[in-house]
1. Exactly one of (1) under 30 Å from A:I197 (Cβ atoms); (2) touching a strand residue (DSSP E or B) at 6+ places or on another chain (Cβ under 8 Å) is unmet by A:G327. Its number?
2. If you take the residues in region A:379-390 that are more than 26 Å from the chain's Cα centre (by Cα) and under 18 Å from A:V277 (Cα atoms), which one is surrounded by the fewest Cβ atoms within 10 Å (Cβ to Cβ)?
3. Confirm whether A:R170 is surrounded by fewer than 24 Cβ atoms within 10 Å (Cβ to Cβ), in contact (Cβ under 8 Å) with a residue 24 or more places away in the chain and among the basic types (K, R).
4. Tally up the residues in region A:231-267 that are away from chain B (no Cβ under 14 Å), part of a helix (DSSP H, G or I) and in contact with a Ser or Thr (Cβ under 7 Å, 6 or more places away or on another chain), please.
5. Scan region A:18-39 for residues that are outside any helix (DSSP H, G or I) and over 24 Å from A:G83 (Cβ atoms) and report the count.
6. Give me a count of the residues in region A:348-390 that are in contact with a helix residue (DSSP H, G or I) (Cβ under 8 Å, 6 or more places away or on another chain), without any contact (Cβ under 8 Å) to a residue 40 or more places away in the chain and assigned to a helix (DSSP H, G or I).
7. Here is a list: A:S334, A:S397. Which entry is over 19 Å from the mean Cα position of the chain (by Cα) and among the hydroxyl-bearing types (S, T, Y)?
8. Among the residues in region A:391-399, are any in contact with a Pro (Cβ under 8 Å, 6 or more places away or on another chain) and either surrounded by 16 or more Cβ atoms within 10 Å (Cβ to Cβ) or without any contact (Cβ under 8 Å) to a residue 40 or more places away in the chain (or both)?
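The values are calculated or read from the model by the stated rules, or taken from the named source; none is laboratory data. A quick note: this is a predicted structure, and the numbers were derived from the prediction, not measured. Don't worry about glycine lacking a Cβ; one is built from the backbone with ideal geometry, like all the others, and counts go over all protein chains shown.
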Amino acid sequence: MRVKEKEKMATKKLIGMTGDQAAAHAMRQIAPDVVAAYPITPQTEIVMSFSQFVADGKVATELIPVESEHSAMSACIGSAAAGARTMTATSANGLALMWEVVYIAASTRLPIVMSVVNRALSAPINIHCDHSDTMGARDSGWIQIYSENAQEVYENIISAVKIAEHKDIRLPVMVCQDGFITSHAVEGIELSDDKTIKDFIGEYKIDHSLLDIDNPVTYGPLDLQDFYFEHKYQQSFAMKNALSVIPKVLQEFNKTFGKNHDLIEEYKLKDADIGIVALSSTAGTARAVIDDLRKKGIKAGLLKPVFFRPFPAERILKAISHLKVVGVMDRAESFSTMGGPLFSEIRSAMYDSKQKPPIVNYIYGLGGRDIFPEDIEKVYEELESIKRAGKIKTLISYLGVRE
Amino acid sequence: MKKKGWKEIAIGGLIDKGGTAKEYNTGSWRTFKPVVDKTKCINCLQCWIYCPDSSIKVKDGKMEGFDYDHCKGCGICAAICPVKCIKMEKG
């Protein structure tokens with residue numbers, strides 16, 4: 001380690017905590033008016049830690065332990081419509097049970113922020129990391145942010161509040177982290193101070209409170225053939241608009257907290273020949289692999305989409321079009337027989353691009369199957385051979401599945 | 001009347017004031033309509049109490065008839081009437 005880096009480390013006040021605890025600390029500092037959550041499994045340590053903060057009087061949030069995730073999101077909807085800043089957390093089958101109301105939260109345009117610990121959906125029963133849960137919810141109208149590590153979890157939750165509540169967005173946000181890999185592993189986290197966070201997020205103001213009896217309003221009424229479509233278009237417009245509004249919010253976040261958040265993140269991609277696209281913690285592993293490959297003279301790079309909803313197609317294309325081969329890593333199967341969700345969307349976006357490098361898909365790590373540096377190295381090796389051969393042998397590979 | 005476009009309506013289907021159900025003519029859903037025989041009616045107002053759509057017209061404590069713009073024709077008034085003076089007719 002260079003002296004400068006050492007000095008930088010020494011001045012940082014790092015606290016050891018898991019991704020779950022980082023999420024709970026972000027919630028404590030945001031101090032939402034209401035948190036409604038299901039208190040037992042598949043719930044994670046996020047709500048357990050946050051409940052402890054409430055019990056210890058460290059945060060004045062009204063905590064509502066409910067009887068199911070369906071009820072958790074329902075309570076959040078009522079709370080947010082009443083004008084309370086509202087947060088919750090869930091994971092895997094918990095999110096699946098929430099399904100109906102997850103859509104209602106987005107369609108009612110309530111800026112709820114929800115931590116999601118990405119874990120596999122049953123059956124067979126599995127509690128480990130993959131992205132099936134939130135990828136299933138990709139069409140629900142929520143903004144989705146994927147976090148690489150615990151520090152990002154912490155920071156993304158803070159920016160999510162401001163993004164969700166922005167007057168030109170008004171959409172709920174899921175802040176995702178990889179189950180166990182990020183949620184249960186201890187890392188050094190740098191916390192910001194309460195005041196900076198409070199000043200940054202400001203006050204949650206709602207134009208129409210459900211509890212304002214002097215100005216009664218109706219949330220979630222019947223909306224038939226004559227207006228439902230217009231309301232869906234409003235949602236679609238808000239999501240599209242979010243693509244240009246989010247960078248402005250992130251700029252403000254970066255200025256306030258001295259960070260460098262964006263819709264996407266590149267690593268050694270500019271001069272790369274071959275590149276992979278990966279979400280969340282896998283991006284971290286890929287970085288280490290890239291450093292090794294670069295020493296061997298292989299021009300490997302990485303693109304990490306931070307936001308999956310809205311889908312930053314233009315930014316992604318701009319970042320990867322110059323590559324000779326692209327490998328997209330999906331930690332979820334869509335059963336479309338056309339590859340995973342990340343692959344499908346990137347490949348579809350490429351249709352209009354002048355530069356269309358060969359693009360292949362790797363479905364990997366389902367049910368928490370480890371993804372080691374060697375696995376990612378293997379992907380880069382295959383991309384190299386596609387580059388040399390000039391043609392694709394297998395469009396969609398299932399990385400490490402045994403014959 | 002030209003219907004409002006997506007920019008002109010509140011987001012999320014919000015209705016930003018009260019009492020707007022009156023503007024929605026649910027009477028068009030009706031198959032059978034209630035008809036009262038006022039010669040038999042005792043003005044007990046049981047129909048007024050039970051009507052789920054506030055469609056019984058009452059003036060000075062007397063039952064006066066129905067609000068056919070909103071009555072969906074459920075028939076609860078006819079069923080509850082103790083003197084059977086409300087009949088459900090087609091149309």
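1. (1)
2. A:S385
3. For A:R170, the condition - surrounded by fewer than 24 Cβ atoms within 10 Å (Cβ to Cβ), in contact (Cβ under 8 Å) with a residue 24 or more places away in the chain and among the basic types (K, R) - is met.
4. Result for region A:231-267: 5.
5. If we filter region A:18-39 for residues that are outside any helix (DSSP H, G or I), which is where we start, we get A:18, A:31-39.
Right, trim to over 24 Å from A:G83 (Cβ atoms) and you get A:18, A:39.
Residues meeting the conditions: 2.
6. 2
7. That would be A:S397, the only listed residue that is over 19 Å from the mean Cα position of the chain (by Cα) and among the hydroxyl-bearing types (S, T, Y).
8. The answer is yes; a qualifying residue exists.
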